[in-house]
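Engineer: The structure follows.
The values are calculated or read from the model by the stated rules, or taken from the named source; none is laboratory data. Because the structure is predicted, anything quoted here is derived from the model rather than measured. Virtual Cβ from ideal backbone geometry, glycine too; neighbours counted across all protein chains shown. These accessible areas exclude ligands, DNA and RNA; they are computed on the full protein's heavy atoms, side chains included. Shrake-Rupley method; radii C 1.70, N 1.55, O 1.52, S 1.80 Å.
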Amino acid sequence: MANVTYDQLWKEAMVELLDQLEVNEPAAFDASVPQDDEQRVQHYATLYVRYLQIVRKLEEAYDQIVHPQKRVDIKATLVAVMGRVLEIKEALIALNRGINFLNLDEVLVDLKLGPEVLEVPVPRYFVEEREDLEMREKLLDTYTLQFNLRDRSRGDEDAKAEEMTLENAIRAIQINERARQGRQRSKGMREIQLEEERERRLMQLGGDPNEKDPDSAALVISARWRGYDARKKTDIMRREEFIFIGMEHPPALDASRDPLVALARNRQRRKHVQRAHAEEYKQALVSLKDEVASHEAPEMREEMLDQLRDWYIKEHERTGAFPKLEQLTQEPVVEEVPLDDKAKKAKEKADKEKAAKAAKAKKGKGVEEDAPPVDRHFAEGMESSFRLWSDKWQLRDESSNFAQRFDPELVKQQVRPEVEEAVREEVRLRIEQELENLEEAFERDRNKGKKKKK
């Protein structure tokens, strides 16, 4: 499949995610709308099924998209949606009296979906992106060779073959040979019995068993052929029906024409491209950070120095002393102004009205207050992921990036805060030194002025 296919799959998942955030999420968690337990279960179950569909699309897009920066954002969205699925599942279990089994058949019928939608997809990156698994396999192989341990991952037949001795091998050959001789002897005896039965029937009909009647021979041959042809056609029809209802696999195609083989080959190729682009992206994070530091850091430094110098000059003119740099980051303290009698009465009246409204709302809700609260931690992550996608990728022109390599401008935007932080720390140290020097010079000049007056 082409890159645009998985980009479109990602877009569909984000559009569906927006629908859930704007329509179904408010309908399920709006505290102002009275709902009983059955309505809550209906809302939560619908969200659960929809989010499972979104997880499946995001996982497929993340597994096959080769653009490294897109994969970072898709993974963040995928993690948020999977977390939201767990939150909704926990809410459903709480409404189901703590029973982990959920019956969602009615929801599937309402949404016109099949039962395969409820199968929770396990992201493939759980295994592919875990470096400790490969290290663990190497460690186990080393211990197996070092201590002469038997590999238990192999089948029972291999284990038996390893433990077979010469006597067991001779006994197995004898058993197989005796069984072969017995089958051959039984087959010969069966042929002899059939021949004797045929001769006996010919004797009963008054014919010579040594003579062959052409008509009877043709009749036997015709019957045998019709039976063989009917059995063959029936077997073909039975196999076609089993394939149609899914009880048998279709016949294997040639590897060059099998679409499943081509799909697996294409997935493997995209994985190689994925790794190559990820390595390029890691190298670009270092090289472009150095480039930003060499080209933009001097301008950042001069701008910060000018701003801080203007600040401490104005402070010196206002107070007559050089300020400390820590004063720039301190928030102004707002003193609480004492209220007069009228203001106090108005405040008390507003608090009473607010409490009355809250009591009225609580009374109107009824059973809603007894329902367990649903955590919305991952819902906030989904909202931020959607905003990031809409601002960063939705309208981005990638006509010139056919190979789907990293975007240098996005990399510069990513590393620029780190460069800016390093420059800010450098400027802070420099301004502190300047303030110390100015303070010393100011004190020295002031002491000289006092001596002249004396």
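Engineer: Within the bounds of the stretch 206-222, is there any residue that is modelled with pLDDT of 85 or more and either under 30 Å from V66 (Cβ atoms) or open to solvent by 100 Å² or more (accessible area, probe 1.4 Å) (or both)?
Structural biologist: Yes, that holds for at least one residue.
Engineer: Among the residues of the stretch 378-421, write down those that are outside any helix (DSSP H, G or I) and over 30 Å from M82 (Cα atoms).
Structural biologist: Those that are outside any helix (DSSP H, G or I) and over 30 Å from M82 (Cα atoms): S399, S400, N401, F402.
Engineer: Filter the stretch 403-442 for residues that are open to solvent by 60 Å² or more (accessible area, probe 1.4 Å) and without any contact (Cβ under 8 Å) to a residue 40 or more places away in the chain and give the result.
Structural biologist: E409, Q413, P417, E421, E425, L429, Q433, E436, N437, E440
Engineer: Scan the stretch 230-243 and give yes if some residue there is surrounded by 11 or more Cβ atoms within 10 Å (Cβ to Cβ), under 42 Å from the mean Cα position of the chain (by Cα) and of a type in the set (A, V, I, L, M, F, W, C), otherwise no.
Structural biologist: Yes, that holds for at least one residue.
Engineer: Taking into account only those residues within the stretch 223-255 that are charged (D, E, K, R) and either in a loop (DSSP other than H, G, I, E, B) or in contact with a Cys (Cβ under 8 Å, 6 or more places away or on another chain) (or both), which is modelled with the highest pLDDT?
Structural biologist: Top of the filtered list is E248.
Engineer: Sticking with this structure for a sec: So, in the stretch 381-392, of the ones that are hydrophobic (A, V, I, L, M, F, W, C) and over 16 Å from I65 (Cα atoms), which residue ends up surrounded by the fewest Cβ atoms within 10 Å (Cβ to Cβ)?
Structural biologist: So, considering only residues that are hydrophobic (A, V, I, L, M, F, W, C) and over 16 Å from I65 (Cα atoms), the one surrounded by the fewest Cβ atoms within 10 Å (Cβ to Cβ) is L388.
Engineer: Let me ask something else. When you go through (1) surrounded by 15 or more Cβ atoms within 10 Å (Cβ to Cβ); (2) among the hydrophobic types (A, V, I, L, M, F, W, C); (3) without any contact (Cβ under 8 Å) to a residue 40 or more places away in the chain one by one for L395, which number turns out not to apply?
Structural biologist: (1)
Engineer: While we're on this one: Could you please find all residues in the stretch 259-308 being among the polar types (S, T, N, Q) and under 23 Å from R71 (Cβ atoms)?
Structural biologist: Listed by number, the residues that qualify are N266, Q268, Q274, Q283, S287.
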